[in-house]
Amino acid sequence: MAWVILVLSGILEAVWAVALGESRGLRRRVPTAVFVLALIGSMIGLASAMGTVPTGTAYAVWVGIGASLTVLWAMVRRHEAATVGRLLMLVLLVGSVVGLKVVS
């Protein structure tokens with residue numbers, strides 16, 4: 001169950017990162033509210049997962065999921081280029097996250 005919570009927390013990390021960017025310096029209400037709620041949920045989930053998953057592994061997985069989804073979202077919205085090199089690096093990042101789960 002800790003791994004499910006950790007993955008959901010990583011997804012919420014991507015949500016709050018995107019919402020933070022959309023808030024325009026915390027000046028827009030709805031994105032700011034999404035940012036705050038997703039940040040709180042993400043941190044609570046990460047803390048909960050760290051009760052079972054080792055801290056270093058939990059943090060690496062959390063950051064890896066959040067970073068990967070944030071970059072993918074930016075590529076889908078065409079805010080960042082989806083080059084072969086960048087996509088390959090994302091595959092390697094996701095593979096590393098999966099690898100941490102496998103060896104845990």
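Please treat every number below as a calculation from the coordinates, not as lab data. Remember, predicted model here, so these are calculated numbers, not experimental data. Glycine also receives a Cβ, built like all others from the backbone with ideal geometry; neighbour counts cover every protein chain displayed.
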For region 67-100 versus region 4-42, the gap between their alpha-carbon centres in whole angstrom: 19
Where trypsin sites (Lys or Arg not before Pro) in DSSP loops with at most 13 other Cβ within 10 Å are excluded, longest remaining stretch of the chain: 28-76
Chain lengthening between residue 60 and residue 104 when straightened (0.36 nm per residue, less Cα-Cα): 14.6 nm
Rg/Rg_globular for the chain, with Rg_globular taken as 2.2 N^0.38 Å and Rg from C-alpha atoms: 1.12
Nitroxide proxy distance, nm - points 7 Å out along Cα→Cβ at residue 78 and residue 93: 2.2
Choice from 63, 91, 18 with maximal GNM fluctuation in the chain (Cα, 10 Å cutoff): 91
Where labels lie 7 Å past Cα in the beta-carbon direction, separation of residue 47 and residue 4 in nm: 2.2
Estimated 222 nm signal from helices in the chain, with DSSP H stretches of n ≥ 4 weighted -39500 (n - 2.57), rounded to 500: -28000 deg cm²/dmol
Relative contact order %, the chain, counting alpha carbon pairs below 8 Å whose residues are six or more apart: 32
